[in-house]
Every structure is written in structure tokens, then in C-alpha cells.
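Asks: Attaching a single structure in C-alpha cells format; questions to follow.
The values are calculated or read from the model by the stated rules, or taken from the named source; none is laboratory data. Because the structure is a prediction, the values reported are computed rather than measured. Cβ: placed from backbone, ideal geometry, glycine included. Neighbour counts: every protein chain shown. Just the protein is used for accessible areas: all its heavy atoms, side chains included, with ligands, DNA and RNA removed. Shrake-Rupley method; radii C 1.70, N 1.55, O 1.52, S 1.80 Å.
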Amino acid sequence: TINFSTKRALVNNSGKINWVDFCLGGKLSKSEIVTRLEKEGSSTNIFSLFFANNNQQFDFSSSIYHNAKHTTSDMAVRGVLDNKSKVIYNGLVKIGEKASNSNGYQKQDALLLSPNAEIDPIPNLEIDNNDVKCSHGTTVSKLDKEKLFYLKSRGLSEEKATKLMIKGFFDPIIRKIKIKEARKDLRKAISSRL
């Protein structure tokens with residue numbers, strides 16, 4: 001399966017849009033989210049999760065444009081890669097000249113389970129106003145061997161310990177989703193992938 005999806009929103013006075021982008025399947029997936037915060041008090045959250053394995057390739061792009069004052073955004077990305085999978089994640093938070101007192105945050109985290117998996121996280125900030133708060137960061141790591149050893153010393157097999165650590169890695173993003181059924185469905189989908 002090859003999947004291309006584009007999601008766009010224009011948010012006006014005190015409006016809010018929350019995106020949940022969760023990618024598990026397909027040989028190739030390209031997902032784009034664009035949100036324009038056009039009026040005062042508007043806000044958005046983008047929660048992206050992915051689990052790539054085998055030879056899957058995912059290409060993600062999330063862009064948030066702050067075009068009015070007192071706007072807020074939170075972009076949180078977590079993904080796991082295994083085998084020979086490859087992922088590119090482009091994130092952009094752009095704060096325009098008229099967007100004073102705005103707040104933007106972007107965080108991308110990835111967990112590599114295989115030495116052959118590759119990820120290119122590309123967080124970007126473009127700030128054209130000096131009266132804002134805006135930050136970004138990215139981490140790419142492997143399973144923590146000390147934590148894995150700890151779980152194994154408590155009687156878990158390496159397989160169960162690894163699964164538990166992967167579930168725990170995704171959980172901070174899943175907990176941010178306010179719809180209980182959506183959280184339950186995401187956890188079930190992750191468990192079925194393990």
C-alpha cells in the first residue's frame with residue numbers, strides 16, 4: 001500500500017484544532033499537516049505517532065503558521081523504527097510579524113530498534129517577532145540497556161521487557177489525547193504491532 005494524505009486547517013478567533021496522526025502500515029506513507037492560526041487566541045496541537053518496520057518508508061511534514069497574536073501550538077512526535085525502515089520528519093513552527101505573545105513548541109523523539117533503521121528528524125523554527133516563546137528539540141536513541149536489564153531482573157523475558165519499554169515510550173503522547181476511546185484504540189494498535 002502507498003498512502004498519501006494531506007490535512008489542512010485555518011483556525012480563527014479562539015478556535016482550536018487537535019490533530020492525531022498515527023502511522024503503522026503501508027510500504028510508503030507520506031503525511032502532511034498544515035495549520036494556520038489566523039486570529040487571536042487560536043491554537044493547535046499535533047500529536048504524531050509512528051511504528052515503522054521491515055522496509056517501510058514514512059515521510060511526515062507538519063507545519064504551523066502563527067499569523068495572529070496570542071496563538072499557541074504544541075507539536076509532539078514519537079516514533080519507533082525497526083529492521084530497515086526509514087523515516088523523515090519535517091516540522092515547522094513559523095511565527096509571523098503580527099503574532100506577538102505567541103507560544104510554539106516542537107519535540108520529536110525516535111527510538112531505533114535496529115542498527116539498519118534510519119530517521120532524519122528536521123525541526124525548524126522561523127520567528128519574525130521577538131515577543132514570543134518558541135522552542136524545539138529532537139532525540140534519537142536506542143533501548144536503554146540498563147532499563148532492559150532492570151526489567152529482566154524482575155522476571156520479565158527480554159521480549160516482554162522490550163514490548164513494555166516500547167509501550168512506555170509512546171505513552172506520554174497517548175496520554176495527551178483527551179478522547180478516551182482514541183487512547184484505547186491507539187494502545188491496542190501498538191500492542192498488535194508488537
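Asks: Being within 17 Å of V77 (Cβ to Cβ) and outside any helix (DSSP H, G or I) is the filter; apply it to segment 151-194 and report the residue that is least open to solvent (accessible area, probe 1.4 Å).
Replies: Only one residue tops the list, namely I177.
Asks: So, in segment 73-88, exactly how many residues are over 15 Å from K142 (Cα atoms) and acidic (D, E)?
Replies: The qualifying residues number 1.
Asks: May I pose another question? Among the strands (runs of 3 or more DSSP E) contained in segment 5-94, which hold 1 or more residues that are surrounded by fewer than 16 Cβ atoms within 10 Å (Cβ to Cβ)?
Replies: Here the list reads 16-23, 28-37.
Asks: For the condition closer than 21 Å to I88 by Cβ and not polar (S, T, N, Q), what is the one hit in A117, A189, A182, A161?
Replies: Testing whether each residue is closer than 21 Å to I88 by Cβ and not polar (S, T, N, Q) leaves just A117.
Asks: Still on this model: Among the numbered conditions (1) in contact (Cβ under 8 Å) with a residue 24 or more places away in the chain; (2) out of contact with any Lys or Arg (no Cβ under 6 Å at 6 or more places or on another chain); (3) at negative phi, tell me where G26 comes up short.
Replies: Status for G26: all satisfied but (3).
Asks: Restricting attention to segment 6-48, report how many residues are closer than 23 Å to D82 by Cβ and of a type outside the set (A, V, I, L, M, F, W, C).
Replies: The number of residues fulfilling the criteria is 8.
Asks: Looking at N103, is it more than 21 Å from K176 (Cβ to Cβ) and either at pLDDT 95 or above or not hydrophobic (A, V, I, L, M, F, W, C) (or both)?
Replies: No, not satisfied.
Asks: Kindly provide the set of residues from segment 121-150 that are surrounded by 15 or more Cβ atoms within 10 Å (Cβ to Cβ) and over 30 Å from G104 (Cβ atoms), ordered by number.
Replies: Within segment 121-150, L143, L148 qualify.
Asks: Give me the pairs: first residue in segment 131-144 and closer than 14 Å to H66 by Cα and part of a loop (DSSP other than H, G, I, E, B), second residue hydroxyl-bearing (S, T, Y) and at pLDDT 95 or above, beta-carbon distance under 6 Å, and six or more apart or on different chains, which are they?
Replies: Once the first residue is closer than 14 Å to H66 by Cα and part of a loop (DSSP other than H, G, I, E, B) and sits in segment 131-144, its partners that are hydroxyl-bearing (S, T, Y) and at pLDDT 95 or above give D131/S100; V132/S102.
Asks: Which of (1) over 13 Å from the mean Cα position of the chain (by Cα); (2) over 18 Å from A117 (Cα atoms); (3) not β-branched (V, I, T) is the odd one out, the single condition K30 does not satisfy?
Replies: (2)
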